[in-house]
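Below is one structure; the comments refer to it alone.
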Amino acid sequence: MTATLSQVYSENLIHHHHIVPLDFNSVRTVPDSHVWPKSDDSSSDHGLRIPAIDLKDPNAVKLAGQACETWGAFQVINHGIPLNLLEEVESETRRLFSLPAETKKKALRKPTGATGYGLPRISEFFPKYMWHEGFTIMGSPADHARMLWPNDNARFCDVMDGYQKKMEVVAEKLTSLILGSLEISGEDLNRDVGSPFGAALQLNSYPPCPNPNRAMGLAPHTDTSLLTILHQTAASGLQIFKQGAGWVSVLPIAGALVVNVGDLLHILSNARFPSVLHRAVLNRDGCHRLSVAYFYGLPSDCRVSPPLKLLNSGEKPKYRSVTVKEYVGIKSKNFQEALSLITI
Ligand SMILES: O=C(O)CCC(=O)C(=O)O
Ligand SMILES: [Fe+2]
């Protein structure tokens, strides 16, 4: 039987001190453990913006392909997720992170676990801690939600379940759109019908910081997904790295979702679509910034390699083929070296 994504992540143990977030409400200054060297590239913004694509645009396939190729990311409007659902997700996320630190810790991710409350998984690869707390959901959030709200968790669970169902539909639509631009289809991926497709919902919280210039929200990384679909609140913070331009801010557009290429699509597209390096800097206006990332992947036993149709022209594969499970294991141990470790 195919392992679930949650089982795959459970095999990669994380040390306790890389799981428990700071009690952000209790500190008045940024502790040394959370001070990051000031990077000179943090304000390099050239007014560049990633494209915004209307899913109803007849040219959406071409535009999505171009955006993936040049940016590895785009914003999408007319995606079919109702605005009130995005608002509900946001307000339930805010309700969760507004709980006292002691309550949130009741739903702490286990060292062998993949879901629940805690620091970002990438924390162990950096010498300093991030100004971040997260809550990871794979499937039903009910077990952890009960620990947070013993009698009052139905609304949270309903909203998160409903959102995941709707996001799966949007993710499928976007995947076929993007693959369509390469003239391949979902059937060209080696996924077995019926096996779990490997998705996760990550709620991110960046509490107000006494010195946002010295702390880091979420350090630069690429996502292990095929695609990530992000809902960010009105407060800005997300930046993507563009070769030749540096860090480019992704300014929130009300109701739009941010789509970014993950490592699996990078491999599948034979590096035509770059898995985009991104980070979250802290909001300078003292806002409590939230974001909700839906990571859309492939079943854990699925073999990932560029489909033959893509290599017809004689192009050589750049990566050896790996199963999703194998790649998640390589990424968990080697972080940003993972792609170079499977390069042919
Ligand atoms: O909060 C953001 O804008 C980025 C979140 C992100 O990159 C992630 O959850 O992987
Ligand atoms: Fe990310």
Quick check on my link table: of Lys105/Lys325; Lys104/Lys166; Lys242/Lys318, which ones sit more than 24 Å apart, alpha carbon to alpha carbon?
Lys105/Lys325; Lys104/Lys166
At 1.4 Å probe size, with every protein chain present, just tell me what the per residue accessible area of the chain comes to in Å².
44
Net charge of neighbours whose Cβ lies under 15 Å from the Cβ of Thr222, counting Lys and Arg as +1 and Asp and Glu as -1:
+1
Can you pull out the GluC sites (Glu not before Pro) in the range 292-344 whose DSSP state is coil and whose Cβ has at most 12 other Cβ atoms within 10 Å?
Glu315
How far is it, in nm, from the label point at Ile344 to the one at Ala52 when both lie 7 Å from their Cα along the line to the Cβ?
4.1
Multiply the residue gap between Arg214 and Arg155 by 0.36 nm, knock off their C-alpha separation, and tell me the result in nm, one decimal place.
17.6 nm
Quick check on the range 125-229: take the gyration tensor over C-alpha atoms, sort the square-rooted eigenvalues as a ≥ b ≥ c, and tell me if it's rounded (a/c under 1.5), prolate or oblate.
oblate
Candidates Pro299, Pro208, Pro150: whichever shows maximal mean-square fluctuation once the chain is modelled as a Gaussian network with Cα springs under 10 Å
Pro150
Where trypsin sites (Lys or Arg not before Pro) fall in DSSP loop in the range 44-79, at most 10 other Cβ within 10 Å:
Lys56
For His17 and Phe125, compute 0.36 nm times the residue count separating them, minus their Cα-Cα distance, and round to one decimal in nm.
37.6 nm
Keeping all protein chains in position, work out how much accessible area Arg95 exposes to a 1.4 Å probe, and write it in Å² to the nearest 10.
70
Between Glu187 and Asp143, what's the calculated FRET efficiency when r is the beta-carbon distance and R0 is 35 Å? Round to 0.05.
0.50
Say R0 is 22 Å: what FRET efficiency, to the nearest 0.05, do Arg303 and Thr112 get from their beta-carbon distance?
0.25
Give, as a single signed number, the net charge of other residues whose beta carbon lies under 13 Å from the beta carbon of Asp152, with Lys and Arg counted +1 and Asp and Glu -1.
+1
Using a 1.4 Å probe on the protein heavy atoms, what percent of the accessible area of the chain belongs to carbon and sulfur?
54
Taking a virtual spin label 7 Å from the Cα of Ser313 along the C-beta vector, which residues in the range 48-78 bring their backbone nitrogen under 18 Å of it?
62-71
When the helices in the chain are scored as -39500 (n - 2.57) per DSSP H run of 4 or longer and the sum is shared across all residues, what 222 nm value do you end up with, to the nearest 500 deg cm²/dmol?
-8000 deg cm²/dmol
Virtual spin-label span in nm between Ile253 and Lys165, 7 Å along Cα→Cβ:
2.8
Take the Cα of Val35, step 7 Å along the line toward its Cβ, and report every residue of the range 108-130 whose backbone nitrogen sits under 14 Å from that point.
128-129
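The values are calculated or read from the model by the stated rules, or taken from the named source; none is laboratory data. Just so it is clear, the model here is predicted, and its values are computed rather than measured. Note that we place each Cβ from the backbone using ideal geometry, even for glycine, and neighbour counts take in every protein chain shown. When the accessible area is computed, the model is the full protein with side chains, heavy atoms only, and any ligands, DNA or RNA have been set aside. Shrake-Rupley method; radii C 1.70, N 1.55, O 1.52, S 1.80 Å.
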